[in-house]
Amino acid sequence: MMTQIETTVHYDNGFGDEEDYMIQEDEWDRDMLLDPAWEKQQRKTFTAWCNSHLRKAETQIENIEDDFRNGLKLMLLLEIISGERLPKPDRGKMRFHKIANVNKALDFITSKGVKLVSIGAEEIVDGNVKMTLGMIWTIILRFAIQDISVEETSAKEGLLLWCQRKTAPYRNVNVQNFHISWKDGLAFCALIHRHRPDLIDYAKLNKVSCVVFLLLYLSSVTLFCPSVHTVDIINTPKPDERAIMTYVSCFYHAFAGAEQAETAANRICKVLGVNQENEKLMEEYEKLASELLEWIRRTTPWLENRAAEKTMVEMQRKLEDFRDYRRMHKPPKVQEKCQLEISFNTLQTKLRLSNRPAFMPSEGKMVSDIASAWQGLDGAEKGYEEWLLTEIRRLERLDHLAEKFCQKATTHETWASGKELILSQKDYETATLTEVRALLRKHEAFESDLAAHQDRVEQIAAIAQELNELDYHGVAAVNQRCQSICDLWDQLGTLTQKRREAVERTEKLLETIDQLFLEFAKRSAPFNNWMEGAMEDLQDMFIVHTIDEVQSLISAHEQFKATLPEADGERQAILGIHNEVQKISQSYGIKANLLNLYSTITTEELLAKWDKVKKLVPQREGSLQEELAQQHTNERLRRQFATQANLIGPWIQTRMENKNLIYHQHIQESLVFDNKHTNYTMEHIRVGWELLLTTIARTINEIETQILTRDAKGISQEQMHEFRSSFNHFDRKNHGAMDTDDFRACLISMGYDLGEVEFARIMMLVDPSATGMVSFQSFIDFMTRETADTDTAEQVVASFRILAADKPYILVEELRRELPPDQAEYCILRMPRYSGPGGSAGALDYTAFSTALYGESDL
């Protein structure tokens, strides 16, 4: 459990830099007459509160209305609690000197937005108790209770809500106000136990033991001064509200500070733990890098030694030593190098993820340096291996070349055997187009094979040349055999070219015939279809009922007869294509069996169908003439029938109309436009339904957004519920957004100890457009960032500042008291001495230390 540390700070006329504060919300009712009992409570409470701050400047007051009369301690109190410099006080002891000093203090209070009604410097100098207490209450409201809020109710509600949340789990405690809810002391005990359970066993408390506890142990909490007796304001019918609020605000700041100190210590421990682990990895990297570089420096000269041995046995021994190096000595080093690179990358990743600077190894030990040295080793190794093999080959080369020549020559002669006979064949003369194309592809494959053997022939010639240069004893036989191979190679090249030309010529002729076959198929198929359709039409039965229909069929038949000359021309053209194929085949002596693969129609079929069409034309014409004569006969019968029907028809129609009058009846539809039983129409119901669907969809979207935010940010369900409860409580107008004052009160209720600058920073985050409103989403985003487990240099500095009780430096004993032993010693060894103003002996600079954690590495 973290304990709060009281720090003595020496003050003169002022403090550090100026800060901005927001306007004071509350005013004190200066006209209210104090109850004597309440006045006594306020005297003790306000005196204790003032001394809790004045003690930082090693002074205090005894009588609140007398000790502020000269204005000096009043100005000092304002300087301490505000951190700002007031005008230089008048040191005289005359009345006008005192009035001047008090006026300077009152002017400073007014400059902070506090309206001082009916309080004048003369009344403070004269020791007016009511006015003095009223002024101190105004200062407490401005600088302690309300945390610079705008109106008393909002800050008061926030503080009350904080008390209610902290004491909610405790029996017999029901905080509803700042007077009678505190008179039995149990609410004070509940607040103490909530934050310091080590001081009290709440389960065993009753009203008597509660008073005893407050008498005996309250001073150990060190809220503001040991001389304050909380029991003075309890066990009364109605405790003074201002005294209670003053006490509770001190509890709030004390316990909030303790929680901040614990959080700060945990953050520092986490940061230091990461730093220690990173430093260990850095040291291991440096050690492994040094060892690997040393091995490379020892091995490279051995690989660069090129002193050749005189015998094959000695060269074989060198080769075995090199193989042992490859099998046994180098593999472990390869693993070490790989592990070194992995460790370096892992370290850099850890540093980057923890916002630390990149690791810079010692000079000459970078990964690139190791890679460069390793590259040099590989180069030397490769050169050494090549040198060994070259020397061994040099000793074996002559016999090897001779054997190699024989092997290559035999292989080539075996491959070339029978190739002349194959190239002399004329199988393409009787082949079809498909077979000719296959022969051409086969010939192309042979040409590729021939080109591939070009390299072997050149190698044979090169080996023979080298054997000549080395004066090989069997060089004559080698030259004779090489010449024979070269002559055969030239002959194969000539035969290959001739065969290609003959096959390509045959392919072109067959392609021409193939195109004619295709043309025949394209023209014969439509012509054949036309003839088949014509035969169907000419043989088709017809059913007609009028002379006009017969005349139409006769007209169509005449048009068909007009197309016969054109069709006969197409027939002759198709037969001409067939004749052209026969001509080419006979002219160029093509012996292949020529079949048209594109069509199954033959010229014989076309001629037979054409003859049938010509026979059917006069037959169709005769049938149509017979039908025409029949329709003329039918037309005469129709006219005779019409004459009789026109006489009897009107008489029948007249009687049918009279009969139908009996059945005629008008039918109407009943339309209803209003309903006296309801004011709602179908349109009303439809609009209401659509509005309901829209509202449900919007609500679902808002809930899904909250779920996504919770899952993405790692917020628990309890935290999200607490955030929503706080937001709804302070969204007083139910607009779905809080104004600035409500947002400040909400933060105070959630335990934030806000200053003006800090609140202005938060408002820039949640309301960047300066609209004066904070939406629920902006509120959730802010609380998510606040609860996220991240750290920065600024957060670490702020954490150390909390442990140092707002001093710009921290002492060794404070580090050892607040941090675990190993991390405290880690900080003590690495934290530089504090050289700024106001430092004491042994003071350490935590700001420089924290900045170094996130700045340039010293390694």
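The values are calculated or read from the model by the stated rules, or taken from the named source; none is laboratory data. A quick note: this is a predicted structure, and the numbers were derived from the prediction, not measured. Backbone-built Cβ (ideal geometry, glycine too); neighbour counts: all protein chains shown. Note: accessible area is taken over every heavy atom of the protein model, side chains too, but ligands, DNA and RNA are not part of it. Shrake-Rupley method; radii C 1.70, N 1.55, O 1.52, S 1.80 Å.
The residue that is farthest from residue 494 (Cα to Cα), counting only those in the range 422-453 that are part of a loop (DSSP other than H, G, I, E, B) and not basic (Lys, Arg), is 432. Annotation note: Cβ proximity below 7 Å between a residue of the range 298-324 that is assigned by the TED database to the domain that holds residue 392 and a residue that is at pLDDT below 85 and open to solvent by 70 Å² or more (accessible area, probe 1.4 Å) (sequence gap 6+ or interchain) occurs for 312/395. I'm told residue 58 meets every condition in (1) open to solvent by 80 Å² or more (accessible area, probe 1.4 Å); (2) more than 30 Å from residue 843 (Cβ to Cβ); (3) at pLDDT 85 or above; (4) not aliphatic (A, V, I, L, M) except one. Can you identify the failing condition by its number? Result: residue 58 passes all but (2). Taken together, the criteria place residue 534 among residues that are assigned by the TED database to the domain that holds residue 596 and open to solvent by less than 50 Å² (accessible area, probe 1.4 Å). Checking 460, 513 one by one, the residue that is touching a Phe, Trp or Tyr at 6+ places or on another chain (Cβ under 8 Å), buried (at least 17 other Cβ atoms within 10 Å of the Cβ) and touching a residue at least 24 places away in the same chain (Cβ under 8 Å) is 460 and no other. Residue count for the range 596-622, restricted to those that are touching a residue at least 60 places away in the same chain (Cβ under 8 Å), open to solvent by 40 Å² or more (accessible area, probe 1.4 Å) and not acidic (Asp, Glu): 5. Scanning the range 322-364 for residues that are acidic (Asp, Glu) and surrounded by 12 or more Cβ atoms within 10 Å (Cβ to Cβ) returns 336, 341.
If only residues of the range 803-841 that are hydrophobic (A, V, I, L, M, F, W, C) and open to solvent by 60 Å² or more (accessible area, probe 1.4 Å) are counted, the one that is nearest to residue 263 (Cα to Cα) is 829.
This table checks each residue for (1) open to solvent by 40 Å² or more (accessible area, probe 1.4 Å); (2) closer than 24 Å to residue 44 by Cβ.
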site: 72; (1), (2): yes, yes
site: 86; (1), (2): no, no
site: 91; (1), (2): yes, no
site: 94; (1), (2): yes, no
site: 111; (1), (2): yes, no
site: 117; (1), (2): yes, no
site: 123; (1), (2): yes, yes
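Contact map, the range 812-826: residues that are over 17 Å from residue 797 (Cβ atoms) paired with residues that are open to solvent by 30 Å² or more (accessible area, probe 1.4 Å) and in a helix (DSSP H, G or I), Cβ distance under 6 Å, separation 6+ or inter-chain. Pairs shown: 812/828; 824/816. Any chance the range 365-381 includes a residue that's outside any helix (DSSP H, G or I), at pLDDT 85 or above and surrounded by fewer than 17 Cβ atoms within 10 Å (Cβ to Cβ)? Within the range 365-381, one or more residues are outside any helix (DSSP H, G or I), at pLDDT 85 or above and surrounded by fewer than 17 Cβ atoms within 10 Å (Cβ to Cβ). Every test in (1) of a type in the set (A, V, I, L, M, F, W, C); (2) farther than 30 Å from residue 511 by Cα; (3) in contact (Cβ under 8 Å) with a residue 24 or more places away in the chain is passed by residue 431 save one, and that test is (2).
Residue 402: over 30 Å from residue 465 (Cα atoms) and surrounded by 15 or more Cβ atoms within 10 Å (Cβ to Cβ), yes or no? Criteria not met by residue 402. Selection within the range 306-321: residues that are out of contact with any helix residue (DSSP H, G or I) (no Cβ under 9 Å at 6 or more places or on another chain) and not in a helix (DSSP H, G or I). The member of this set that is least open to solvent (accessible area, probe 1.4 Å) is 307.
Residue 716 meets all of the listed conditions (1) among the polar types (S, T, N, Q); (2) at pLDDT below 75; (3) open to solvent by 50 Å² or more (accessible area, probe 1.4 Å) but one, namely (3). Scanning the range 296-305 turns up at least one residue that is buried (at least 18 other Cβ atoms within 10 Å of the Cβ) and touching an Asp or Glu at 6+ places or on another chain (Cβ under 8 Å). Hey, among the residues in the range 422-438 that are closer than 19 Å to residue 513 by Cβ and of a type in the set (A, V, I, L, M), which one's most open to solvent (accessible area, probe 1.4 Å)? So the residue we want is 438.
Is it the case, given these coordinates, that residue 486 is surrounded by fewer than 16 Cβ atoms within 10 Å (Cβ to Cβ), more than 30 Å from residue 581 (Cβ to Cβ) and of a type outside the set (Asp, Glu)? So residue 486 fits the description; yes.
Based on what the data block shows, is residue 549 of a type outside the set (Phe, Trp, Tyr) and closer than 25 Å to residue 603 by Cβ? No.
Once the range 723-768 is narrowed to residues that are open to solvent by 40 Å² or more (accessible area, probe 1.4 Å) and charged (D, E, K, R), the residue that is farthest from residue 165 (Cα to Cα) is 761.
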